[in-house]
Structures are given as structure tokens and as C-alpha cells.
């Protein structure tokens, strides 16, 4: 899903970051952002404020709809 979004010109100004929460090397990140369930999606605006979070599986169409709401 994320590969499709990354390639879409509409989302070219969005940084998509995928973190393997099960990898011990990422434990500090997981703890800092208080990730308790996988998948967990956080969306931040340009000012670094969290504007949306979602926990659990999400399909591409639903995610695109939410991104469009945030961008507009």
C-alpha cells in the first residue's frame, strides 16, 4: 500500500516512514511514540503536530481518503 502512495504525485510532499516495531534496534523509537499495537499510523502536519492517529489494519482507499482530508 505505501509503495503506491509514495509513487502518487498527490502525496509527494509526505514522508512515509515505516518502522519495524519488533526490531530491537527500533525500541527507543517504539517507546518514545508509545507504540503498543501494530500497525500504528501517526500523521503529523508541517509544524510537527500530530493531526491523526490510527491503530489497526487499514485499507489503501480509507487511508487515501484520510490523507486527502488532512491535505485539504
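The values are calculated or read from the model by the stated rules, or taken from the named source; none is laboratory data. These numbers come from a predicted model, not from an experiment. Here the Cβ positions follow ideal geometry from the backbone for every residue, glycine too, while neighbour counts run over all protein chains shown.
Considering the conditions (1) in contact with a helix residue (DSSP H, G or I) (Cβ under 8 Å, 6 or more places away or on another chain); (2) at pLDDT 90 or above; (3) exposed (fewer than 10 other Cβ atoms within 10 Å of the Cβ), residue 32 is excluded by exactly one of them, (1).
For segment 15-29, the candidate set comprises residues that are surrounded by 11 or more Cβ atoms within 10 Å (Cβ to Cβ) and outside any helix (DSSP H, G or I); within that set, the residue that is modelled with the lowest pLDDT is 16. Cβ-Cβ distances below 8 Å connect the following pairs, each with a first residue in segment 1-19 that is without any contact (Cβ under 8 Å) to a residue 40 or more places away in the chain and at negative phi, a second residue that is in a loop (DSSP other than H, G, I, E, B) and loosely packed, with under 11 Cβ neighbours inside 10 Å, and a separation of six or more residues or different chains: 2/18.
Any residue at all in segment 35-53 that is surrounded by 10 or more Cβ atoms within 10 Å (Cβ to Cβ), part of a helix (DSSP H, G or I) and touching a helix residue (DSSP H, G or I) at 6+ places or on another chain (Cβ under 9 Å)? Full working, then the answer.
Restricting attention to segment 35-53, the residues satisfying the condition of being surrounded by 10 or more Cβ atoms within 10 Å (Cβ to Cβ) are 35, 38-45, 50-53.
After this cut, where a residue has to be part of a helix (DSSP H, G or I) as well, the list is none.
So far as segment 35-53 goes, no, none of its residues is surrounded by 10 or more Cβ atoms within 10 Å (Cβ to Cβ), part of a helix (DSSP H, G or I) and touching a helix residue (DSSP H, G or I) at 6+ places or on another chain (Cβ under 9 Å).
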